[in-house]
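Have a look at the structure below before the remarks.
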Amino acid sequence: MSTAQKIFSEKIKAKALELGFLDCGISRAEQLDEERSRLERWLHEGMHGEMGYMARHVDMRLDPRLIVEGAQSVISVLLNYFPGTQQQEDDAPVLSKYAYGKDYHFVLKDKLNALMNFIQEELAPCNGRPFVDSAPVLDKAWAAKAGLGWVGKHTNLISVEHGSFFFIGELIVDLELEPDTRQVRDHCGTCTRCIDACPTQAIVAPRVVDARRCISYQTIELKGELDETLKGQFKDRVFGCDICQDVCPWNLKSEAHQEPDFEPHPQLLSLTRQDWQEMERPMFNELFRKSAVKRTKFEGLKRNLRFIEQAADSKESHSSEE
């Protein structure tokens, strides 16, 4: 590896931190051989549910050179989203922390584009693309390969320094850079807190999540009616779920993000259960105008609210009968 490639890598990492990323790592663009059998087995068992896109372009998911012509390096970045303040009402429907502010796809992609411009204008001419859940790229595998953490039993990437409340993005470029050789060993040990805490038992084995049972999948990805067999198990989660991360000891070191775009709408965190249930479309549009919650649309959010409210009503009915 040349001195220039080493210097370029160091400058890219420094610029990433300047742009507000938690961490940055670099890996050589090559095929992810170890991921193939795991991915194919997960798909074969149908654990991706209705996410048909997961079964498409499997070869591209495993080899970035099939996505970006001439790709030589994968630059992985982490962006903190852990909030400084959280929902105030104990009995209000619970929103995943990542959805409090502006949709991360836009925030992360803007920062990645800025990093790409820096590389092209300050370091060397090159071609490449930013990726934020926008193409068949195995984010967590690349971040782990770049030494940014390890994949925990809940299948999220965990950083020794930062926990797991962060987004992952990549730049895949045709520029040869010095790759990181440090690999973070698995620090989960015998801990099974995430597996034990999952209310729908979606973590069917260490590092294997059956998406069909996952609250995040049910409340965001699923387009039809929610699974009736899971009623009463959502713990009031209305969009996404953080339970497996909330109980992880590594997240005791999570610190509040400093990203203005991730700050919630002033009214959001004070909504009561009644406010959520009575929410009409204008309020939805106001609260979630630039939020990832728009993915589920107003009708989807109301569907989720009905599901958890019906479960609560059923529980109260059984209690009164007893």
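Rule-based calculations on the coordinates, nothing more; no lab input. This structure is a prediction, so every number in the text was calculated from the model and none was measured. Note: ideal-geometry Cβ built from the backbone for every residue, glycine included; neighbour counts use all protein chains shown.
Structural remarks
- Additional length obtainable on full extension of the chain from ALA55 to ASN127, 0.36 nm per residue less Cα span: 23.2 nm
- Added length on full extension, which subtracts the Cα-Cα distance from 0.36 nm per residue, ASP246 to GLN183: 20.2 nm
- Packing-based exposure ordering (other Cβ within 10 Å, fewest first) of VAL132, VAL247, VAL173: VAL247, VAL132, VAL173
- Filter on LYS111/LYS290; LYS11/LYS290; LYS235/LYS302; LYS97/LYS302; LYS109/LYS290 - keep pairs with C-alpha separation over 21 Å: LYS11/LYS290
- Of interest is the spacing of the C-alpha centroids, which for the stretch 68-142 and the stretch 162-233 amounts to 16 Å.
- Put in line by how crowded their Cβ is, counting other Cβ atoms within 10 Å and starting with the fewest, SER73, SER216, SER9 read SER216, SER9, SER73.
- Cysteines not pairable in the chain (beta carbon separation under 4.7 Å absent): CYS24, CYS126, CYS188, CYS191, CYS198, CYS214, CYS241, CYS248
- Correct option for Rg and Dmax of the Cα atoms in Å [calculated from the coordinates] among (1) 20.6, 76; (2) 19.6, 75; (3) 20.4, 64: (1)
- In summary, the aspartates and glutamates within cross-link reach of LYS253, defined as a Cα separation below 17 angstrom excluding same-chain residues under 8 places away, comprise ASP23, GLU161, ASP242.
- Within the chain, helix-based [θ] at 222 nm, where runs of 4 or more DSSP H residues each add -39,500 (n - 2.57), nearest 500: -9000 deg cm²/dmol
- Shape summary of the stretch 193-316, radius of gyration then Dmax from alpha carbon positions: 15.5, 42 Å.
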